[in-house]
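Laboratory data are not the source of any read-out in this text; all were calculated from the coordinates shown. Just so you know, these numbers come straight off a predicted model, no measurement behind them. Every residue, glycine as well, gets a Cβ built from its backbone with ideal geometry; the counts of neighbours run over all protein chains shown.
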Amino acid sequence: MKIVFMGTPAFAVPCLQMLVDEGYEVAAVITQPDRPQGRKKILTPSPVKAAAEALGLPVLQPERMRRPEAVAELAAYEPELIVTAAYGQILPKAVLDLPSRGCVNVHGSLLPKYRGGAPIQRSIINGESVTGVTLMYMAEGLDTGDMIAKVEVPIEDDDTSGTLFEKLSQAGRDLLKSQMPRLLAGPVTAEPQDDSQATYAPNLSREDERIDWSAGSREIYNRIRGLVPFSGAFTLWNGETFKIWAAASPGTAASANASGASAHGDGPEPGTVLSLGQAGIEVKTGDGSLHLLTVQPAGKKAMAAGDFARGGTMKPGMVLA
């Protein structure tokens, strides 16, 4: 059976590698075009492209999969099954109708929850304790297709989007591997989604990355770890971006031990720096305080909050906005 694989980020690579390792015929790989990355804007291939080239597989990189020429290029490979994992574009009906065994997608949530492009980040930001992977047939809507199988993955209190991406990518690989014999054998009975239970996980915006210090400590903590290691959460200090890459989980020993010289006065406003010490920076939140562990001032590299505190430029009583 000829398979065409479609994916872009590192999340998708284990699925592609599994298909090759298990001896399935991957006729071609489709991924997003190379994009400029980093401060120097160096044109960089996607992780899936890098993996495909290492495996000696043909790679296609259409700018828009909806364009007739892109569909024609794909059709030339005569795929019998299309497997996607975080490809990054909604496939048109012309593509969905191509393979005789259909198009299946490895999605990083327990559908119908968290349909959309950022299910992993938003599950952490929203404080979920469990997520998972759904293998589904693709439909014209946004992650609306019938579900073939699911697997649950717990979200630990110290998970970041980075660690959860890794866990879910492995879970997705194993789930796809377990279901491939069924997909090859013939039509698979799949469960329709209950649209009334659907929630959405749109791609993150700049505003999603900004910390609202009037929120609760747990909510802010979840936002910080949900944005690591990608964009990172930020606040403003002295009118400049001040990124926060790690904080102590509220209520833990690390949180309790982070305080230094206190400037707690009567009712400081949220965002006020309460104390600075070797272990971190304590900031007032809507329901208490949060201890920052790793920060990044504008124009500098990320550093331990205690090291930044020793510089003396931030003082108790200053306000992060």
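Taking Met65, Met138, Met180 in turn, the Gaussian network model of the chain (Cα-Cα springs below 10 Å) assigns the largest fluctuation to Met180.
Modelled spin labels at Asn126 and Lys93, positioned 7 Å past Cα toward Cβ, are 3.0 nm from each other.
Build a GNM of the chain with springs between Cα atoms under 10 Å apart, and of Arg64, Arg218, Arg101 the one that fluctuates most is Arg64.
Over all pairs of different C-alpha atoms in the range 206-310, the reciprocal of the mean inverse distance, the Kirkwood hydrodynamic radius, equals 13.4 Å.
Taking only C-alpha pairs under 8 Å that are 6+ residues apart, what is the relative contact order of the range 1-140 in percent? Working shown, then result.
Working: 250 pairs, mean separation 33.5, N = 140.
Over the range 1-140, the number comes to 24 percent.
Report the full-extension gain for the segment Ser100 to Ala50: residue separation times 0.36 nm, less the Cα-Cα distance, to one decimal in nm.
Values: separation 50, 0.36 × 50 = 18.00 nm, distance 2.84 nm.
Extra length from Ser100 to Ala50 when fully extended: 15.2 nm.
Over the range 111-168, what is the relative contact order in percent, taking alpha-carbon pairs closer than 8 angstrom and at least six residues apart? Write down the numbers at each step before the final one.
Numbers: 67 pairs, mean separation 20.6, N = 58.
Normalised by residue count, the contact order of the range 111-168 is 35 percent.
A Stokes-Einstein calculation at 37 °C with viscosity 0.692 mPa s, built on the Kirkwood radius of the chain over Cα pairs, returns a diffusion coefficient of 153 µm²/s.
Between Val59 and Val29, the built amide H atoms are under 5 Å apart, and every one of these is 5 or more places off in sequence or on another chain. For the range 142-211, GluC sites (Glu not before Pro) meeting the loop criterion (DSSP other than H, G, I, E, B) and having at most 15 other Cβ atoms within 10 Å: Glu156. Here the chain carries DSSP beta bridges of which approximately 70% are antiparallel, counting only pairs with both residues inside. Taking 25 Å as the straight-line reach from the Cα of Lys41, the lysines in range (excluding those fewer than 8 positions away in the same chain) are Lys49, Lys243, Lys300, Lys301. Relative contact order, whole percent, for the chain stands at 13, derived from Cα pairs under 8 Å and 6 or more residues apart. Here the range 9-103 was treated as a single set of alpha-carbon atoms; its pair distances binned every 5 Å from 0 give 2, 12, 23, 25, 20, 10, 4, 2, 0 percent. Rounded to the nearest whole Hz, the Karplus-based 3J(HN,Hα) values (6.51 cos²θ - 1.76 cosθ + 1.60, θ = phi - 60°) of the range 14-20 follow the sequence x, 5, 4, 4, 4, 4, 5, with x at glycine and proline.
Would you mind estimating how fast the range 154-193 diffuses translationally, via Stokes-Einstein at 25 °C and 0.890 mPa s with the Kirkwood radius over Cα pairs, in µm²/s? Diffusion coefficient, whole number: 201 µm²/s.
Calculate, for Glu207 and Glu156, the FRET efficiency according to 1/(1 + (r/R0)^6) with r their C-beta to C-beta distance and R0 30 Å; round to the nearest 0.05.
Result of the calculation: an efficiency of 0.65.
Working out 0.36 nm times the residue gap between Glu22 and Ser196, then minus their Cα-Cα distance, what length gain in nm do you get to one decimal? Please report the intermediate quantities before stating the final value.
Values: separation 174, 0.36 × 174 = 62.64 nm, distance 3.79 nm.
Working it through step by step, the gained length comes to 58.9 nm.
Fraction of C-alpha pairs exceeding 20 angstrom in the range 109-231: 47 percent, rounded to a whole number.
Taking each DSSP H run with n ≥ 4 as -39500 (n - 2.57) and averaging over every residue of the chain yields -7500 deg cm²/dmol at 222 nm. Mean-square fluctuations from a GNM of the chain, with a 10 angstrom spring cutoff on Cα atoms, peak among Val153, Val188, Val133 at Val188.
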